[in-house]
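Peer 1: This is the structure, below, for whatever I ask next.
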Amino acid sequence: MNPSAEKNPTQAPRDLTFRILRYNQHLPGDKPRVQEYHLQEALGMTIFIALNWIREHQDPTLQFDFVCRAGICGSCGMIVNGEPRLACRTLTRSYENPEITLLPMPVFELIADLSVNTGKDMRRMAERVESWIHDPEQDKIDISALEPAMEPEVAEEIYELERCIECGICLAACGTRRMRKDFLGAAGFMRVARFYKDPRDKRTADDFYEVLGDEHGVFGCMTLLGCEDYCPKQLPHQEQIAFLRRKLAST
Amino acid sequence: MNIIYTDHLVIGGGLAGLRTAIATKERGQDAIIVSLVPAKRSHSAAAQGGMQASLGNSLMGEGDDEDVHFGDTVRGSDWGCDQKVARMFVNTAPKAIRQLAVWGVPWSRVQAGPRHAVINAQTVTLTEKIEAHGLITARDFGGTKKWRTCYTSDGTGHTMLYAMDNRAIQDKIPVHERQEAIALIHEGDVCFGAIVRDLITGKLSAYVAKATTIATGGYGRLYSTTTNALICKGTGAGIALDTGKVALGNMEAVQFHPTAIVPAGILVTEGCRGDGGLLRDVDGYRFMPDYEPEKKELASRDVVSRRMTEHIRKGKGVASPYGYHLWLDITNLGREHIEKNLREVKDICEYFLGIDPAVEWIPVRPTQHYSMGGVRTDENGMAYGLKGLFAVGEAACWDLHGFNRLGGNSVAETVVAGMIVGERVADYIEAHQIDIGTQLVQRFLKQEQEAINRLMARDQGENAWELRNQMQEVMMEHVGIFRNAKDLEAGVEKLKALLVRSQKIAIKTKATGANAELTEALRVPKMIRLALCVAYGALQRTESRGAHAREDFPARDDANWLKRTLAYWKNPGDLLPQLKYEPLNVKEMELPPGFRGYGKANIVEHPDTAARLAEVEQVKAELKEQGRHAIQAKLMPVDLPLRYQDTNERLFRGRT
Ligand SMILES: Cc1cc2nc3c(=O)[nH]c(=O)nc-3n(C[C@H](O)[C@H](O)[C@H](O)COP(=O)(O)OP(=O)(O)OC[C@H]3O[C@@H](n4cnc5c(N)ncnc54)[C@H](O)[C@@H]3O)c2cc1C
Ligand code: SF4
Ligand code: FES
């Protein structure tokens, strides 16, 4: 028998209260306010399920973003009871208190209600750190020939750092970014570390210094480490920031 | 009036759209991508399992090549695919994966020396050769003769999409995010671009282009239980259908994946079974070997999904508040393997089920997964019905997959199609000028704006979400894994009624922009029309082929049904699509129809099959000395873009 068979949780349903910050600039006369919604908790309910239920049954005007609803696309960052989280993979039962407050992530341009424009900032980040392999010979490689070999551990190490889903949670959790809008932030540092460690990328420490060397880069970080605490992919931010500082300090 | 001009308008920023845009941009043309979401959030990111390409580097892939991949793909499709497309695809897939390696994908690599693997529930030791060390490795996937599915740990789609989008950023291709194409601009038999709605401001723009490519992904959200992302609503195919001119191909060919978790519908990758995971029933019994003694858990998806459904019907399912399910057991793979190679699976179990898959079984059931049908195109990716309109990726019916696609062939298709079709689009752009008056553009803009205004003005009427939910239930119940005339007929009638109701949607949200209710209201009638194409096509197809399983017509009927369904929506007021059929030519097939080697052998033979089989054998015998490339070229010549014509090199084999 399945070892987990008897563990099926059969909770008595709770009444949940959602307090949601509402504001839609595209609705003439709309003003920021907190709106309350009530619903009954269901088995396996996530904030994704709850918000859709509210929208489809109580209030069609509510705006929020979900795409994959599986914790992989990075669309659904929001502030849940004071902490930035991926709403799609946050189970309501993980909160003992049945009152849940939802706010849009700060730092990003507000679209409406819980929807913010993370994509725009992430494209800017990618352009700024030149988030691609730099190799002038790249396009001369014959793609019909055997591929150049790579050590398996190197491939794994790169993948480890590439797991960022650009959700922006690290930026929403970053004290430095809140003060300085041009501060690159953890997602950008992680991207640089990813290319730094990639032997296919021919950029040198000097090249990366150009991107990261000023106060908006890795030396501007105040090491508050909200990024490390909240990154849903548990990326090793502290370690990589230290790594980049070490490398760039010696250039 | 906002008009944006470009050479190439690409609708969709997933793998397929990005790769096609890159192809034309690298030929010196400009391209603009419009996408509902930032490109990196496209559904392509969800592919965990891998990408098929016959590199043959790893031990269990030795002996693999384009021909073996071709055979697997055609058999997988249940002979429904376009074999020329399949041939172009298998020849180009190794190049695609190697190019992505150059562009930054950290493909998992072969580690020389011994390692443990679980094959058929037995732990075995595989010793990888020293020469293969550091080359791209591969894993086992359903329906393949060799281990051919290349992967990046558990994040294949993510790393592919990131590398591809990064390349697009490097190439300075603009991605206009949070934009939805809601209509194509066309006149006569030419497409001139699309009307696009800004999902933030609500404003409409006209994108006028020499060539337009639809790369909008699948239509999984026509079903209530699906592994697909919320944005996989098929609206790209919808706007093509709405022209009344473009055909959608094989819309009834819908794949169900055997293992999505219950209730969330989130996929756990086929890699679980590929790596040695087992399916168990309510008694903990491993049932697949009873049904499929050879391939067991790794028969193709359509077969495994049906066997699971059959088994549940026999009373062997596990009851839950969300209906019956079965168990996926990966505990035998060990914690280390799960935490390294199947970490996404572990995360999903933890976050969405609250279980630890290293010690507990995962509740799974077959769930809608992949849309084989889509905008019907020719070999060059150009849509039937409108010049200058192309389609690639899951949105297209290029027809690589026929009636069932193999796992790992889909992300491979997106990239390969982007490469091949991208070249054809560039050729087309070079040969054509935009010749269009602003009046035409204005007419289309006005038509769409007025439709929106009417919706906004209606105070009382139907609720968009309610209609959508009802449609999804109808599809699940009537047009699911097993189909029959009675259920399908009832389903079609229900959908027709929903389509009528969808003309009277009213919305409560009066915001001009950032209005999810309005956005949904604009999509729902399109989705119901697509659903009708699926359901009506399924009703008419009185045979079983691949994923299309008719209980009342269990045989694969090559004599009558070796043909592709083409669905047209001739008039906006119609309640049903017009169906036409396009025969597949057995006389041109490199691999004439036969038994797939799994599932049930129940085939009504095509009259040309025997003769073609004999012919193929004869050619093989005659050209034996000249090798497989010569034989292939003789049997079924294909026309690849020049830059992709080289033969592929393999370890120990060179370019033979
Ligand atoms: C959970 C899951 C796992 C999978 N795993 C694998 C695997 O391991 N191997 C494999 O080969 N395949 C796998 N697949 C299938 C594969 O991922 C998809 O078929 C493939 O990624 C589709 O890519 P695409 O570029 O065609 O579309 P998508 O990646 O879906 O992109 C569609 C794009 O179109 C945009 N769009 C849609 N409609 C509009 C519109 N009207 N206007 C503007 N933009 C629009 C979207 O914003 C998006 O950018 C998996 C699928 C799922 C659901
Ligand atoms: S680093 Fe982590 S928190 Fe920041 S964007 Fe990436 S995944 Fe999100
Ligand atoms: S919706 Fe994709 S991460 Fe939450």
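The values are calculated or read from the model by the stated rules, or taken from the named source; none is laboratory data. Just so it is clear, the structure is predicted and the values come from calculations on it, not from any experiment. Every residue, glycine as well, gets a Cβ built from its backbone with ideal geometry; the counts of neighbours run over all protein chains shown. Note: areas computed on protein heavy atoms with side chains; ligands, DNA, RNA excluded. Shrake-Rupley method; radii C 1.70, N 1.55, O 1.52, S 1.80 Å.
Peer 1: Identify, among B:ILE603, B:ALA630, B:LEU613, the residue whose Cα sits farthest towards the positive end of the charge dipole of the range B:585-631, taking +1 on the Cβ of Lys and Arg and -1 on the Cβ of Asp and Glu, with the dipole about the Cα centre.
Peer 2: B:ILE603
Peer 1: May I pose another question? Can you tell me what the convex hull of the Cα atoms of the protein assembly as shown projects to on average, as an area in nm²? List each step's numbers first, then the result.
Peer 2: Values: hull surface 139.9 nm².
Taking the Cα atoms of the protein assembly as shown, their convex hull projects to 35.0 nm² on average.
Peer 1: Could you grab the relative contact order for the range A:3-116? Cα pairs under 8 Å, six or more apart, rounded to a whole percent.
Peer 2: The value is 30 percent.
Peer 1: If each of B:ILE3 and B:ARG313 carries a label point 7 Å out from its Cα toward its Cβ, how far apart are those two points in nm?
Peer 2: For the pair B:ILE3/B:ARG313, the computed spacing is 5.7 nm.
Peer 1: What order, most packed first, do the peptides A:151-158, B:255-262, B:393-400 have when packing is the mean number of other Cβ atoms within 10 Å of each residue? Don't skip to the answer; put the middle values down first.
Peer 2: Numbers: A:151-158: 16.6, B:255-262: 26.1, B:393-400: 30.6.
Descending packing order for the listed peptides: B:393-400, B:255-262, A:151-158.
Peer 1: For the range A:3-116, compute Rg over Rh where Rg is the Cα radius of gyration and Rh is the Kirkwood radius from the inverse mean 1/r over Cα pairs. Could the numbers behind the result be given before it?
Peer 2: Working: Rg = 14.8 Å, Rh = 14.9 Å.
Across the range A:3-116, the Cα-based Rg/Rh ratio is 0.99.
Peer 1: Taking 1 over the mean of 1/r across every pair of different Cα atoms in the range A:98-230, what Kirkwood radius in Å do you get?
Peer 2: Values: mean 1/r = 0.0599 Å⁻¹.
After inverting the mean inverse Cα-Cα distance, the result is 16.7 Å.
Peer 1: Give, as a single signed number, the net charge of other residues whose beta carbon lies under 14 Å from the beta carbon of B:GLY418, with Lys and Arg counted +1 and Asp and Glu -1. List each step's numbers first, then the result.
Peer 2: Numbers: positive: B:ARG19, B:LYS25, B:ARG27, B:LYS95, B:ARG167, B:ARG424, B:ARG643; negative: B:GLU26, B:ASP165, B:ASP171, B:GLU394, B:GLU413, B:GLU423.
Every neighbour counted, the sum reads +1.
Peer 1: Give the lysines reachable from B:LYS600 as a straight Cα distance under 20 Å; neighbours fewer than 8 places away on the same chain don't count.
Peer 2: Cross-link targets: B:LYS145, B:LYS295, B:LYS296, B:LYS314.
Peer 1: For the range B:4-120, what is the largest minus smallest coordinate of the Cα atoms on each principal axis, given in angstrom and ordered from greatest to least?
Peer 2: 56, 33, 26
Peer 1: A further question on this structure: With charges set only on the Cβ (+1 for Lys and Arg, -1 for Asp and Glu), what does the dipole of the protein assembly as shown come to about its Cα centre, in debye to the nearest 20? Intermediate results must be reported in sequence, preceding the final value.
Peer 2: On the way: 113 positive and 120 negative charges, 254 e Å.
In debye, rounded to 20, the protein assembly as shown gives about 1220.
Peer 1: While we're on this one: Show me B:501-507, B:83-89 ranked by packing, highest mean number of other Cβ atoms within 10 Å first. Write out the running numbers ahead of the final one.
Peer 2: Working: B:501-507: 17.9, B:83-89: 24.7.
Per-residue mean Cβ counts within 10 Å order the peptides as B:83-89, B:501-507.
Peer 1: Karplus couplings for the range B:116-129 from phi (6.51 cos²θ - 1.76 cosθ + 1.60, θ = phi - 60°), rounded to Hz, Gly and Pro as x?
Peer 2: With coefficients 6.51, -1.76 and 1.60, one gets 8, 9, 9, 10, 6, 6, 10, 7, 10, 10, 10, 10, 7, 6 Hz.
Peer 1: Run down the lysines and flag those whose C-alpha is under 18 Å from the C-alpha of A:LYS197, throwing out any fewer than 8 positions away in its chain.
Peer 2: A:LYS247
Peer 1: Let me ask you something else. Heavy atoms only, probe 1.4 Å: what % of the accessible area of the range A:3-116 goes to carbon and sulfur, would you let me know?
Peer 2: On the way: 2550 of 4930 Å².
The value for the range A:3-116 is 52 percent carbon and sulfur by accessible area.
Peer 1: I'd like the distance separating the alpha-carbon centroids of the range B:263-282 and the range A:134-194, in whole Å.
Peer 2: 30
Peer 1: When the expected Rg is taken as 2.2 N^0.38 Å, what fraction or multiple of it is the alpha-carbon Rg of chain B? Each step should come with its number before you reach the end.
Peer 2: Working: Rg = 23.8 Å, N = 656, 2.2 N^0.38 = 25.9 Å.
After normalising by residue count via 2.2 N^0.38 Å, the value is 0.92.
Peer 1: Please state the shape class of the range B:259-366: rounded when a/c is under 1.5, otherwise prolate if a/b exceeds b/c and oblate if not, all from the C-alpha gyration tensor. Can you show the working numbers first?
Peer 2: Working: a/c = 1.80, a/b = 1.26, b/c = 1.43.
Oblate, because a/c is 1.5 or more while a/b does not exceed b/c.
Peer 1: Another question, then. With charges set only on the Cβ (+1 for Lys and Arg, -1 for Asp and Glu), what does the dipole of chain B come to about its Cα centre, in debye to the nearest 20?
Peer 2: Details: 82 positive and 81 negative charges, 144 e Å.
Charge dipole, chain B, about its Cα centre: 700 debye, nearest 20.
Peer 1: Given a 1.4 Å probe and no ligands, DNA or RNA in the count, how much accessible surface is buried by A and B, both sides, to the nearest 100 Å²? Write out the running numbers ahead of the final one.
Peer 2: Details: alone 14410 and 24190 Å², together 31860 Å².
Buried: approximately 6700 Å² between B and A.
Peer 1: Under the definition of partner shielding as Cβ atoms of other protein chains within 10 Å of a residue Cβ, what is the mean value for peptide B:340-347?
Peer 2: Average per residue, whole number: 2.
Peer 1: At a 1.4 Å probe radius, carbon and sulfur cover how many percent of the accessible area of the range B:259-366?
Peer 2: On the way: 1850 of 3590 Å².
With neighbouring chains kept in place, the figure for the range B:259-366 is 51 percent.
Peer 1: What's the Cα-based Rg to Rh of the range B:395-517, Rh via Kirkwood? Could the numbers behind the result be given before it?
Peer 2: Values: Rg = 21.0 Å, Rh = 19.3 Å.
Rg/Rh for the range B:395-517 comes to 1.09.
Peer 1: So what does the Cα-only Debye profile of the range B:360-428 read at q = 0.15, 0.17, 0.19, 0.22 Å⁻¹, as log10 I(q)/I(0), no solvent term?
Peer 2: Values returned for q = 0.15, 0.17, 0.19, 0.22 Å⁻¹ are -0.51, -0.61, -0.72, -0.90.
Peer 1: I would also like to ask the following. Whole percent per 10 Å bin, from 0 to the bin with the longest distance: what is P(r) over all C-alpha pairs of the range B:560-656?
Peer 2: Per 10 Å bin, starting at 0, the Cα pair percentages come out as 12, 27, 29, 22, 8, 3, 0.
Peer 1: With n ≥ 4 as the cut-off for DSSP H runs, can you work out [θ] at 222 nm for chain A, using -39500 (n - 2.57) per run divided by the number of residues, rounded to the nearest 500? Don't jump to the answer; show the numbers that get you there.
Peer 2: On the way: 9 runs with 79 residues, N = 251.
Only helices count here, giving -9000 deg cm²/dmol.
Peer 1: A 22 angstrom limit on the alpha carbon distance is what I want to check against. Which of A:LYS233/B:LYS346; B:LYS316/B:LYS340; B:LYS25/B:LYS446; B:LYS446/B:LYS580 exceed it?
Peer 2: Working: A:LYS233/B:LYS346 13 Å; B:LYS316/B:LYS340 32 Å; B:LYS25/B:LYS446 31 Å; B:LYS446/B:LYS580 32 Å.
With Cα atoms farther than 22 Å apart: B:LYS316/B:LYS340; B:LYS25/B:LYS446; B:LYS446/B:LYS580.
Peer 1: Using the heavy atoms of the protein chains and a 1.4 angstrom probe, tell me the accessible area per residue for the range B:342-404 in square angstrom.
Peer 2: Details: 1210 Å² over 63 residues.
Heavy-atom SASA per residue in the range B:342-404 reads 19 Å².
Peer 1: Here's another thing I want to ask about it. What part of the accessible area of the range B:538-602, given as a whole %, is carbon or sulfur when the probe is 1.4 angstrom? Walk me through the numbers on the way to the answer.
Peer 2: Working: 1400 of 2720 Å².
Whole-percent figure for carbon plus sulfur exposure: 52.
Peer 1: With just the Cα atoms defining each centre, how far is the range B:51-110 from the range B:333-349? Give it in Å.
Peer 2: Here the answer is 26 Å between Cα centres.
Peer 1: Order these peptides, B:532-540, B:517-525, by their mean beta-carbon neighbour count within 10 angstrom, highest first. Provide the component values of the computation, followed by the final result.
Peer 2: Values: B:532-540: 25.7, B:517-525: 22.4.
Output ranking for B:532-540, B:517-525: B:532-540, B:517-525.
Peer 1: Please compute the net charge surrounding B:THR438, taking Lys and Arg as +1 and Asp and Glu as -1 over other residues with Cβ under 14 Å from its Cβ. Each step should come with its number before you reach the end.
Peer 2: On the way: positive: B:ARG443, B:LYS446; negative: B:GLU187, B:ASP435.
Around B:THR438, the charge tally is 0.
Peer 1: With point charges of +1 on the Cβ of Lys and Arg and -1 on the Cβ of Asp and Glu, referenced to the Cα centre of the protein assembly as shown, which listed residue (B:GLN460, B:LEU642, B:ALA490) lies farthest in the positive direction of the dipole?
Peer 2: Selected residue: B:GLN460.
Peer 1: Now a separate question. Once you charge only the Cβ atoms, +1 for Lys and Arg and -1 for Asp and Glu, what is the size of the charge dipole of the range B:371-429 about its Cα centre, to the nearest 20 debye?
Peer 2: Details: 4 positive and 7 negative charges, 26 e Å.
Value, rounded to 20: 120 debye.
Peer 1: Please average, across the residues of B:155-168, the number of beta carbons from any other chain that are within 10 Å of each residue's own beta carbon, and give a whole number.
Peer 2: On the way: counts 7, 0, 1, 8, 5, 0, 1, 10, 4, 0, 6, 7, 2, 2.
Mean shielding by partner chains, rounded to a whole number: 4.
Peer 1: How many nm separate the modelled label positions at A:LEU91 and B:ALA451, each set 7 Å beyond the Cα in the direction of the Cβ?
Peer 2: For A:LEU91 paired with B:ALA451, the spin-label model returns 4.3 nm.
Peer 1: A follow-up question, please. Taking each residue in A:151-158, count the Cβ atoms of any other chain within 10 Å of its Cβ, then average. What number comes out? Don't skip to the answer; put the middle values down first.
Peer 2: On the way: counts 4, 9, 2, 3, 12, 6, 1, 6.
Shielding by partners across A:151-158 averages 5.
Peer 1: Work out the charge dipole of the protein assembly as shown with +1 on the Cβ of Lys and Arg and -1 on the Cβ of Asp and Glu about the Cα centre, then indicate which of B:LEU161, B:LEU575, A:ALA42 is farthest towards its positive end.
Peer 2: Sorting the options by dipole projection puts first B:LEU575.
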